[in-house]
Amino acid sequence: MQKPVLVGDIGGTNARFALASRQDGKLRIEHFEKLAGDGFASFDDALEQYVGQTGAEVSAACFALAGPVENQEVTLTNRGWHVSASAVKARFGLQDVCLINDFHAMARAVPEFAYESFDCIFPGTPKQGAPVLVTGPGTGFGVATLLSEPEGRWRVVSGEGGHMAYAPRTEVEHALARLLMRDHGYVSNELVASGSGLDEVHAAFCEIFGRPLVELTPEEMRDRADSGDELFRTLIEVRALAVLGAAGDLVLANGALGGVVLAGGVSERISDFLKTAAARQRFVTRGPMSDYLQDCPVWLMREPAAPLIGAAAYYEQHTRP
């Protein structure tokens, strides 16, 4: 990558932009800006502010967006923005614009970091050459699988795995699932574990515990949990178990014995709940296939720039002969 590439990480809450270039063999970003999505009517408006603030002069861009990309167009899953690569090229005078899913970018970033830089959730031994699962809840619940290819290249298989059905196991989880099904019809892992479903899960737990619904921020819920409030400790524990339950299922489905990398803001905020014995059991317990997961390591990525690095790495490989 000779010239800087404009990169973006566009989620349901924030739009992050930067310029990326490879220096001394490592991808680096500069001119980073985080913009609140609620402050803009469209993606183009947010990008226009970033370009105006930084005076960025680039000819190519790669944007990672929280939604399914088809024919280089995407409508964000948790925000009504529609983005078209051809329209962005025309408006901003760029020679090349590439759109990819945000968790596609997150997965592609993984090889750009040493595993020692990740937090260890569960130790294990990654199987050489096996797929790596990258997953976790933020505003939504992303899922992608990373595959190694010859000549140092990487391929990412991404979809909408966060919308797979939630699988309750305990009495309180079944009660939660019944209430969510009553109100929403379909209960996904994203609804239970992600930021976009937190208000619905909170309301259901208030009903389960027979307590009035009081509007609280995620930080206030965490404070109450840390103070010993049973409702909120149970709420966070159930969400953590949903993350590890989904991850275990996905490892089985994808043969992802190269390990699991958890990502997303919610994963970071509940990381201590992800490390419990109950969470470990939720990840590995699969009846006759439980041994399959025993030595599969699980890490947590805390690098906020990872999707930007991943977008740059994807674009670099995409344009490399």
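The values are calculated or read from the model by the stated rules, or taken from the named source; none is laboratory data. Quick caveat: nothing in here was measured; it's all calculated off a predicted structure. We place every Cβ from the backbone using ideal geometry, glycine too, and count neighbours over all the protein chains shown.
Exactly one residue among L147, L250 is closer than 30 Å to Q128 by Cβ, buried (at least 17 other Cβ atoms within 10 Å of the Cβ) and without any contact (Cβ under 8 Å) to a residue 24 or more places away in the chain, and that residue is L147.
Of the set (1) touching a residue at least 24 places away in the same chain (Cβ under 8 Å); (2) in a helix (DSSP H, G or I), all apply to G258 but (2). Residue count for the range 158-185 satisfying the condition of being in contact (Cβ under 8 Å) with a residue 40 or more places away in the chain and aliphatic (A, V, I, L, M): 4.
Of A242, A225, all but one fail to be in contact with a strand residue (DSSP E or B) (Cβ under 9 Å, 6 or more places away or on another chain), assigned by TED's automatic domain parsing to the domain that holds G162 and within 30 Å of C296 (Cα to Cα); the exception is A242.
Do you know which of the residues in the range 89-112 that are among the β-branched types (V, I, T) and either at pLDDT below 95 or in contact with a Leu (Cβ under 8 Å, 6 or more places away or on another chain) (or both) is surrounded by the most Cβ atoms within 10 Å (Cβ to Cβ)?
The qualifying residue surrounded by the most Cβ atoms within 10 Å (Cβ to Cβ) is V110.
Once the range 47-76 is narrowed to residues that are of a type in the set (G, A, S) and surrounded by 22 or more Cβ atoms within 10 Å (Cβ to Cβ), the residue that is nearest to the chain's Cα centre (by Cα) is A66. Among the conditions (1) of a type in the set (D, E); (2) closer than 23 Å to T139 by Cβ; (3) in contact with a helix residue (DSSP H, G or I) (Cβ under 8 Å, 6 or more places away or on another chain), the only one that E230 does not satisfy is (2).
Of everything listed in (1) of a type outside the set (S, T, Y); (2) within 23 Å of T77 (Cβ to Cβ); (3) surrounded by fewer than 20 Cβ atoms within 10 Å (Cβ to Cβ); (4) touching a Phe, Trp or Tyr at 6+ places or on another chain (Cβ under 7 Å), the single unmet condition for D199 is (4).
Here is the figure for the range 280-299: residues that are assigned to a helix (DSSP H, G or I), within 20 Å of N254 (Cβ to Cβ) and either without any contact (Cβ under 8 Å) to a residue 40 or more places away in the chain or over 21 Å from the mean Cα position of the chain (by Cα) (or both) total 8.
Pairing each residue of the range 22-33 that is among the aliphatic types (A, V, I, L, M) with any residue that is assigned to a strand (DSSP E or B) and at pLDDT below 95, provided the two are 6+ apart or on different chains, yields C-beta distances under 9 Å for L27/S21; I29/S21.
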